Each structure stands twice: as C-alpha cells, then as structure tokens.
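Below is one structure, written out as structure tokens; comments come after it.
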Amino acid sequence: MSDLKCARTLVLAAERDLEVLQLMLEHSGGSDEVFGFHVQQAVEKLLKAWLAIRGETYPLTHDLELLFEALALESAELEVFRSLSGYTPFAVIHRYEALGPQEPPTDRAQAILRSTSLLARVRELLDNPTRA
C-alpha cells in the first residue's frame, strides 16, 4: 500500500472513531473509559497517517507521546495537539481498569474539538502532501 493510500485508510478509520465520540457526546452515553479509548484510537490513527503522508514508517505503538516525538523532529505546529497524548492510558490500562474516583470527568466536548482539529490538519496534509 502506498504511503498516501495508507494515510487515507487511517484517516477514514479515525473518522469512524470520531463519529462514535460525537454520538457519545450527543447522547451522554458510555463510560469515560470507553470515550477515552476512542479518543486515543482516533489520535493514534491520525498521527500515524501524518507520518505516512511524510513517507515515514510509523512505530507500531499505542503510545501517543512516542508518535508525537516521531513527528516533532520537524514540526513545531504539533504543540497545539500535544495534550492529546494524555489519552495514551486509555489504549490499554483503562480498557481493563476503571478510572479512579479521584480522576476528574473527561471534558468530552474539548476532546472532540482537539481531535477534530487534528483531523482537519491531517486532511490538509493529505490534500497537499508536500507541506507535511
């Protein structure tokens, strides 16, 4: 699969995760653990798509910070999205363990806004891969 075809496939998969997030927000449904998992998955796919657009092989990891680091070598614009790396624990830990009672509730609207902004940026790069 070409890098751009791979990136498009990842973006489409991320869009499905974002669709689930929007439904969870609109219907006030699902746990924060499930919501956080879909945020993590969408962001992971989008960061891997960004790397693919640049022609780079992305690491097989769920660690969003590692993916941000791989991209940060050449891009300062990532800082606006970097807080999304806080969703890494939802990929594995919080899929099986509940959030503790001391954890604040997830700001779902903010998570969707930041993830959707990342999606928009990656779509721009797909439309003009020389700017990636």
Kirkwood calc, the chain, C-alpha pairs only, radius in angstrom 14.9 Å
Which sequence of Glu33, Glu56, Glu69 reflects their accessible areas, 1.4 Å probe, from the largest down? Glu69, Glu56, Glu33
Mind pulling the angle between the C-alpha long axis of helix 3-26 and the longest principal axis of the chain? Nearest 10 degrees, somewhere in 0 to 90. 20 degrees
Nearest-20 debye value, region 1-61 charge dipole, Cβ charges on Lys, Arg, Asp, Glu: 360 debye
In Hz, Karplus ³J(HN,Hα) per residue of region 55-67 (6.51, -1.76, 1.60; θ = phi - 60°; x = Gly, Pro): x, 9, 7, 8, x, 7, 8, 9, 7, 5, 4, 4, 5
SASA check, Thr57, accessible area w/ 1.4 Å probe, all protein chains in place, rounded to nearest 10 Å², comes out at 130 Å²
Summarise the accessible area of the chain (1.4 Å probe, protein heavy atoms) by the percent that is carbon and sulfur. 55 percent
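The values are calculated or read from the model by the stated rules, or taken from the named source; none is laboratory data. Since the structure is predicted, the reported quantities are computational estimates derived from the model, not experimental observations. Here the Cβ is made from the backbone with ideal geometry for all residues, glycine too, and neighbour counts use every protein chain on show. Each accessible area value is taken on the protein alone, full model and side chains, heavy atoms only, with ligands, DNA and RNA left out. Shrake-Rupley method; radii C 1.70, N 1.55, O 1.52, S 1.80 Å.
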